[in-house]
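So the structure is just underneath, and the comments pick up after that.
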Amino acid sequence: MPDAILIKNGHIVDPSQGIDGVGDILIKDGKIVRIVLQSDRATVTAAQSHYHTIDATGLFVLPGLVDIHAHLREPGFEYKETIKTGTMAAVKGGITSVCCMPNTNPVNDNKTVTEFILRKTYAEGSCYVYPIGAITKGQKGEELAEMAMMHEAGCVAFSDDGRPVMSSLIMRRALEYSRALNVPIISHCEDMSLSEGGVMNEGRLSAQMGLRGIPYASEDAMVARDIILSELTGGRLHIAHVSTEGSVRLIRQAKERGIKVTAETCPHYFTITEDAVKGYNTNAKVNPPLRTQRDVEAIKEGLRDGTIDVIATDHAPHHRDEKLQEFDKAPSGISGFETALSLSLRLVYEGILTMSQLVEKMAIISARILGIDAGALKVGFDADIVIVDINREFKVESEKFLSKGKNTPFEGWTLKGMPVITICKGKVYDWRQNE
């Protein structure tokens with residue numbers, strides 16, 4: 001990376017500072033040193049003519065995205081993804097901070113695994129990685145992990161993602177710890193007794209396909225339980241991957257009552273429905289499952305009115321052979337880093353969110369929930385920046401993904417809006433050069 005960079009004439013959006021207009025950003029030694037909007041342009045050009053210049057005319061200049069929910073698979077599942085490949089795929093998608101879930105092998109339920117992830121990131125990561133520790137030892141739901149020690153080692157949140165904490169008492173204790181540590185508990189809301197054996201949304205389509213379904217009540221019941229426990233403890237609850245109309249309604253009501261709850265959804269939950277699994281398409285198999293159009297519309301409304309705070313990727317790469325199994329046996333998950341921003345921009349084109357609101361949901365609020373200095377274009381912050389051409393179209397071709405995971409239900413889709421340059425950890429990536 002050059003010692004000094006001038007990003008010129010870009011449409012800068014950073015709602016954390018009330019910035020939404022054309023201007024320049026000056027970067028020196030990897031840090032943002034000045035932001036000047038159009039009215040001050042003459043001063044900047046004259047004084048900073050020696051800077052390496054990136055012409056961002058007609059492009060949006062946004063904070064690097066902060067993904068609060070992703071799976072990097074390392075340690076233990078390097079055949080699916082590694083920290084090296086996953087973080088490079090994230091950067092290509094405009095994501096400069098990734099929070100990785102603990103369902104690795106061994107599980108990230110102790111400071112040794114946490115420290116391994118951070119060392120590996122320092123050596124090989126293209127973006128910043130923030131480990132999320134397991135709530136319970138081995139993600140078995142039976143005994144709390146050493147949360148305080150893991151937090152000290154670098155964990156920014158705790159979750160048994162992929163497995164719900166079925167014990168209400170253990171979830172209560174975790175939320176009590178969250179208050180003491182001032183970190184969120186990220187809840188995978190699923191009542192296993194209702195969803196056991198299910199592989200897709202329960203309804204007419206699952207019956208037609210002869211597949212066991214997962215009812216919406218499986219998610220809704222656990223969302224309700226965790227909200228009640230959050231109210232009881234005053235703990236910090238974050239609901240992961242919201243997929244149902246009922247969850248949106250319960251979270252909205254909880255917020256109205258002042259309960260400390262935040263929530264996320266993922267691009268696939270507001271873009272496609274259960275119809276994507278027709279033909280037994282395992283690339284559309286996720287957990288929670290894709291739901292109905294009614295759920296999609298409820299999630300969009302939840303994003304519009306602020307009920308849902310964050311858009312996360314839930315990037316879940318799998319080996320090609322695993323997804324080629326029959327539907328019942330194939331693992332759940334979508335490789336989401338490299339399509340998330342483009343899919344989410346559809347919300348802007350549809351008038352559901354403004355660009356500022358999208359930046360809030362994909363960068364600013366995620367960083368705020370986690371308590372990290374990222375997701376904003378503030379002077380003194382690291383120059384983690386994504387430059388986006390919102391008019392540029394591209395075809396989704398999973399073979400070109402930098403992620404090892406090629407599992408996407410969006411194969412062949414033409415998407416509008418593409419990250420064209422990402423700046424992160426002292427490097428400038430111009431993705432247009434690879435075309």
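Points to keep in mind about this one:
- Search result, residues across the stretch 351-390 that are within 22 Å of residue 413 (Cα to Cα) and free of Cβ contacts under 8 Å to residues at least 40 places away in the same chain: 351
- Listed by position, the strands (runs of 3 or more DSSP E) contained in the stretch 361-435 that have at least 3 residues being in contact with a Gly (Cβ under 8 Å, 6 or more places away or on another chain) are 385-395, 414-424.
- Residue 385 meets all of the listed conditions (1) out of contact with any Asp or Glu (no Cβ under 7 Å at 6 or more places or on another chain); (2) surrounded by fewer than 20 Cβ atoms within 10 Å (Cβ to Cβ); (3) within 30 Å of residue 28 (Cα to Cα) but one, namely (2).
- Residues within the stretch 151-160 that are buried (at least 24 other Cβ atoms within 10 Å of the Cβ) and of a type in the set (Asp, Glu), tallied: 1
- Qualifying position, being in contact with a Pro (Cβ under 9 Å, 6 or more places away or on another chain) and part of a helix (DSSP H, G or I), among 301, 322: 322
- Residue match in the stretch 310-319 (condition: in a helix (DSSP H, G or I) and either small (Gly, Ala, Ser) or surrounded by fewer than 24 Cβ atoms within 10 Å (Cβ to Cβ) (or both)): no
- Looking only at the stretch 335-353, and only at residues there that are touching an Asp or Glu at 6+ places or on another chain (Cβ under 8 Å) and among the hydrophobic types (A, V, I, L, M, F, W, C), the one that is surrounded by the most Cβ atoms within 10 Å (Cβ to Cβ): 337
- Among the residues examined, residue 291 qualifies as of a type in the set (Lys, Arg), touching a residue at least 40 places away in the same chain (Cβ under 8 Å), out of contact with any Phe, Trp or Tyr (no Cβ under 6 Å at 6 or more places or on another chain) and crowded, with 17+ Cβ neighbours inside 10 Å.
- Test: residue in the stretch 201-208 that is farther than 22 Å from residue 165 by Cα, assigned by TED's automatic domain parsing to the domain that holds residue 296, in contact (Cβ under 8 Å) with a residue 12 or more places away in the chain and of a type in the set (A, V, I, L, M): yes
- Restricting 195, 243, 247, 230 to residues that are free of Cβ contacts under 8 Å to residues at least 24 places away in the same chain and touching a strand residue (DSSP E or B) at 6+ places or on another chain (Cβ under 8 Å) narrows the list to 195.
- Across the stretch 250-274, the number of residues qualifying as in a helix (DSSP H, G or I) and without any contact (Cβ under 8 Å) to a residue 60 or more places away in the chain comes to 8.
The values are calculated or read from the model by the stated rules, or taken from the named source; none is laboratory data. Source: prediction; values computed, not measured. Heads up, the Cβs are rebuilt from the backbone with ideal geometry, glycines too, and the neighbour counts pull from every protein chain shown.
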